[in-house]
Amino acid sequence: MKRRTAIGLGVAAPLLASRRARAACPELRGTGDLVVVVERARGSVLIAETTGRTVLGRVEGLGDLSHGSLVFSRDARFAFVFGRDGGLSKVDLLERRLVGRILQAGNAIGGAISQDGRLVAVANYEPGGVRLFDSATLGPLAEVAAVGSDGKRSKVVGLVDTAEGGFAFTLYDSGEIWLLDPSDLSAPRITRFAGIGSLPYDANVTPDGRFYLAGLFGEDGIVLLDLWHVEAGPRRILDGYGRGEAPLPVYKMPHLEGRGAAGEHLLLPAVGRHEVLVVDKRSWQEVARIPTPGQPVFVVVRPDGREAWVSLAHPHNGKVAILDLERLEPAGTLSPGRAILHLEFTPRGEQVWLSARDDDRVVVLDTRRREVLASLPADKPSGIFSTARAHRIGS
Amino acid sequence: MPERAAAALLFLLLAGIGRPEVERGAGVELAPARKGELVHLLRHDCGSCHGLTMKGGLGPPLLPETLRDKDPEGLVVTVLYGRPGTPMPPWKHELAEAEARFLVELLVEGRVP
């Protein structure tokens, strides 16, 4: 009895101290269960948590966030938000405030953070190129003008970090892949691969960091660069996957999602077609094509690799297709809201967060039961980014 | 090349070929609710390539200063039939000619709400 009291007292003192500390810093928490939701029209982001599924707060003043995207600092404390207007903003997820913002170009499309977390790279349309910034201060460090083999500046797409400590990106107008080695910031080293194909609209790297893939809009095919063997150069896979049939009008450009990889397979959206292409990652041959009720935009594999959930282009963007990756066939269609622009799984895959732009809501589903767990108000939501991306190559 | 394609389409249009496809709703005053839907489409769906504020993205800017020198009827044809060889899709399955013209007027006059 006495002993228990003594233990109780022993516990009480640290408890009091931590309560005092909490009063001074009321938000003491981790960031591992957070998601950041882009509100594209309002120029803001919502910071939400996936444990109780609540919105913690909103950070405003981030500019034009049409096609807004972001990457996280390696400690997952900060988000670097890339705006269409060339804005680069640094958001503190815990204090939920803007801690830095620069306008670094006239028109930008996205960015990446280096393997060591020191460099933030931004892909620009105007002027076409890549700029590197110090992730601590947002101070400029280097600029690479994307002057293609045609002598003109090209828009840059598909900028990702690589396992080599550098970056890979693609020149949309001139059809080139460039690798950037930033070890000497006064003269970043560039390796160029020209003539990869017509109008590469996006590119990404597999989660293991090995394969960089660029999707072509101007022709049927995907460009593959093995980053372990860059000397071999890029090669074409899925050449002529449209089999000569005219593609449908594309009302929304697909995205190449880094997490389109599942075991030995890689899933890719077919441009202008109602199907997802499945490729074998060893032979790079097509093994299946899975029909979808619209043109795929984001093909996202659930973290356990058993299913992929697919968002669709206008006018079918009220639906989400679910694919069974064991049988390589459709496994259902959901209608979670109007204009589903993006989706993000929680790191272990028990929930999926979907942005329903035209409902002004973020819908959270249980991925096993496919039931709604929460529906949170958001102003024209688009991209949803889990802090788990802080620890992944290419995101 | 895309200009030439658009010009060819314009010629076909003037020649009356393909006319029935775009006649739906032509010359009709659009209902306010429909105008609201069209503005939403312009900002969010056109905006996914041309930018929410029409300052451009993968697609070119659609600001009054970039459109002023262009023939408005040619722009209507571009909206309805797309620009072959570029990602600009034809919107004729979704938009009547009068609706495309309404959007072009908003853009040229810089009146996107």
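The residues of segment A:72-107 that are of a type in the set (Ser, Thr, Tyr) and over 12 Å from A:Val59 (Cα atoms) amount to a single one, A:Ser73. For segment A:11-23, state whether one or more residues are over 20 Å from A:Leu88 (Cβ atoms) and either at pLDDT 95 or above or surrounded by 17 or more Cβ atoms within 10 Å (Cβ to Cβ) (or both). No - not one qualifying residue is present in segment A:11-23.
Of the residues that make up segment A:281-293, is at least one closer than 25 Å to B:Cys46 by Cβ, of a type outside the set (A, V, I, L, M), within 14 Å of chain B (Cβ to nearest Cβ) and surrounded by fewer than 20 Cβ atoms within 10 Å (Cβ to Cβ)?
No, that holds for no residue.
Taken over segment A:68-110, the residue count meeting the criterion of being more than 28 Å from A:Leu171 (Cβ to Cβ) and not in a loop (DSSP other than H, G, I, E, B) is 7. The set of residues from segment B:42-55 being crowded, with 19+ Cβ neighbours inside 10 Å and either β-branched (Val, Ile, Thr) or under 18 Å from B:Val76 (Cα atoms) (or both) comprises B:Leu42, B:Arg43, B:Asp45, B:Cys46, B:Gly47, B:Cys49, B:His50, B:Met54. For segment A:67-106, the set of residues classified as surrounded by 17 or more Cβ atoms within 10 Å (Cβ to Cβ), within 14 Å of chain B (Cβ to nearest Cβ) and free of Cβ contacts under 8 Å to residues at least 40 places away in the same chain consists of A:Arg84, A:Asp85, A:Gly87, A:Ala105, listed by residue number.
For segment A:309-325, filtered to residues that are among the small types (Gly, Ala, Ser) and within 17 Å of A:Glu344 (Cβ to Cβ), the residue that is nearest to the other protein chains (Cβ to nearest Cβ) is A:Ser311. Yes or no: A:Asp161 crowded, with 19+ Cβ neighbours inside 10 Å, at pLDDT below 95 and of a type in the set (Asp, Glu)? When the stated conditions are applied, A:Asp161 does not pass them. Comparison of A:Leu268, A:Leu238, A:Leu225, A:Leu277 shows that the only residue that is more than 14 Å from chain B (Cβ to nearest Cβ), touching a helix residue (DSSP H, G or I) at 6+ places or on another chain (Cβ under 9 Å) and surrounded by 18 or more Cβ atoms within 10 Å (Cβ to Cβ) is A:Leu225.
Among the residues making up segment A:161-191, those that are within 14 Å of chain B (Cβ to nearest Cβ) and either out of contact with any Pro (no Cβ under 8 Å at 6 or more places or on another chain) or closer than 25 Å to A:Arg389 by Cα (or both) are A:Thr170, A:Leu171, A:Asp173. Residues in segment A:78-109 that are among the basic types (Lys, Arg) and in contact with an Asp or Glu (Cβ under 7 Å, 6 or more places away or on another chain): A:Arg84 only.
Being closer than 17 Å to A:Pro296 by Cα, over 20 Å from the mean Cα position of the chain (by Cα) and surrounded by fewer than 19 Cβ atoms within 10 Å (Cβ to Cβ) is the requirement here; does A:Arg338 meet it? Judged against the criteria, A:Arg338 is a match. Is one or more of the residues making up segment A:111-122 away from chain B (no Cβ under 14 Å), more than 25 Å from A:Ile393 (Cβ to Cβ), in a strand (DSSP E or B) and out of contact with any His (no Cβ under 7 Å at 6 or more places or on another chain)? Looking for residues that are away from chain B (no Cβ under 14 Å), more than 25 Å from A:Ile393 (Cβ to Cβ), in a strand (DSSP E or B) and out of contact with any His (no Cβ under 7 Å at 6 or more places or on another chain), one finds none in segment A:111-122, hence no.
Scanning segment A:39-65 for residues that are in contact (Cβ under 8 Å) with a residue 40 or more places away in the chain and either within 14 Å of another protein chain (Cβ to nearest Cβ) or not in a strand (DSSP E or B) (or both) yields a total of 11. Each residue in segment A:241-265 was checked for being out of contact with any Pro (no Cβ under 9 Å at 6 or more places or on another chain) and either away from chain B (no Cβ under 14 Å) or surrounded by fewer than 18 Cβ atoms within 10 Å (Cβ to Cβ) (or both), and 11 pass. Screening A:Thr367 on (1) in contact (Cβ under 8 Å) with a residue 60 or more places away in the chain; (2) under 25 Å from A:Phe82 (Cβ atoms); (3) of a type in the set (Val, Ile, Thr) shows it passes everything except condition (2).
Pairs are defined by a Cβ separation below 7 Å, a sequence spacing of at least 6 or placement on different chains, a first member in segment B:52-64 that is at the interface with chain A (Cβ under 7 Å from one of its Cβ atoms), and a second member that is surrounded by 18 or more Cβ atoms within 10 Å (Cβ to Cβ) and of a type in the set (A, V, I, L, M, F, W, C); the pairs so defined are B:Leu52/A:Ala41; B:Lys55/B:Leu63; B:Gly57/B:Cys49; B:Leu58/A:Met253; B:Leu58/B:Cys49.
Condition check ((1) of a type in the set (A, V, I, L, M, F, W, C); (2) more than 27 Å from A:Thr170 (Cβ to Cβ); (3) within 14 Å of chain A (Cβ to nearest Cβ)) across all residues:
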site: B:Arg34; (1), (2), (3): no, yes, no
site: B:Val39; (1), (2), (3): yes, yes, yes
site: B:Glu73; (1), (2), (3): no, yes, no
site: B:Val76; (1), (2), (3): yes, yes, no
site: B:Thr86; (1), (2), (3): no, no, yes
site: B:Trp91; (1), (2), (3): yes, yes, yes
site: B:Val108; (1), (2), (3): yes, yes, no
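Can you confirm whether A:Gly215 is within 25 Å of the chain's Cα centre (by Cα), surrounded by 15 or more Cβ atoms within 10 Å (Cβ to Cβ), in a strand (DSSP E or B) and within 14 Å of another protein chain (Cβ to nearest Cβ)? Answer is yes for this residue.
The values are calculated or read from the model by the stated rules, or taken from the named source; none is laboratory data. Everything numeric here is computed off the predicted structure, so don't read it as measured data. Cβ sites come from the backbone with ideal geometry, for glycine too, and all protein chains shown count toward neighbours.
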